[in-house]
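Participant: The structure that follows is given in the form of structure tokens.
The values are calculated or read from the model by the stated rules, or taken from the named source; none is laboratory data. These numbers come from a predicted model, not from an experiment. Don't worry about glycine lacking a Cβ; one is built from the backbone with ideal geometry, like all the others, and counts go over all protein chains shown.
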Amino acid sequence: MRAELAALISGTLFGAGLAIGGMTDPVRVRGFLDVFGAWDPTLAFVMGAALLVMAIAWRFVPRIGTPLLAENFHLPQKSDLTRKLIGGAALFGIGWGVAGLCPGPGIAALVIDFNAAAIFAASMIAGMAIVRLVEKASG
């Protein structure tokens, strides 16, 4: 129950931060990505703040023996670049540029503009299902 409550609070705080920061507004996101056109730098401040918070947090992780709600930290173990990783990152970037949303803000946007965000969320879920089917068939 404690972990579920922490997840609810964390998710709510994360979603509120995305909404307040403008990350759930596809027009603003596309403006941020349009570096050679009508560039809107406001999201750079949102991303910069997130990087600053994470840089500070990563300094504390080695000093903390175990997390509050788990037995250990689940830190990335792989550092190799694969074709699958690069292809996935490219698809993510293309989707972000076309839709103006990525998964976190897309889910948070369901509260703000359900109809538009629902199309994005349904497309995202369909894409994940297709990848699973293709991987299962090829592998």
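Participant: Being within 16 Å of the chain's Cα centre (by Cα), of a type in the set (A, V, I, L, M) and in a loop (DSSP other than H, G, I, E, B): is that true of Met47 here?
Facilitator: Taking the combined requirement at face value, the residue does not satisfy it.
Participant: Could you check the range 1-15 and list, in sequence order, the residues that are touching a residue at least 24 places away in the same chain (Cβ under 8 Å) and aliphatic (A, V, I, L, M)?
Facilitator: The answer is Ala3, Ala6.
Participant: Quick check, is Pro76 over 14 Å from the mean Cα position of the chain (by Cα), modelled with pLDDT under 85 and assigned to a helix (DSSP H, G or I)?
Facilitator: Criteria not met by Pro76.
Participant: Being more than 14 Å from the chain's Cα centre (by Cα), surrounded by 11 or more Cβ atoms within 10 Å (Cβ to Cβ) and farther than 19 Å from Leu18 by Cα narrows it down to one residue among Val131, Val111; which is it?
Facilitator: The conditions single out Val131.
Participant: Also: Name every residue in the range 17-44 that is among the hydrophobic types (A, V, I, L, M, F, W, C) and without any contact (Cβ under 8 Å) to a residue 12 or more places away in the chain, in order of residue number.
Facilitator: Once the filter is applied, which keeps residues that are among the hydrophobic types (A, V, I, L, M, F, W, C) and without any contact (Cβ under 8 Å) to a residue 12 or more places away in the chain, the range 17-44 yields Ile20, Val35, Phe36, Ala38, Trp39.
Participant: Pick out the one residue from Leu69, Leu101, Leu91, Leu85 that is more than 19 Å from Leu18 (Cα to Cα), surrounded by 10 or more Cβ atoms within 10 Å (Cβ to Cβ) and touching a residue at least 40 places away in the same chain (Cβ under 8 Å).
Facilitator: The unique qualifying residue is Leu69.
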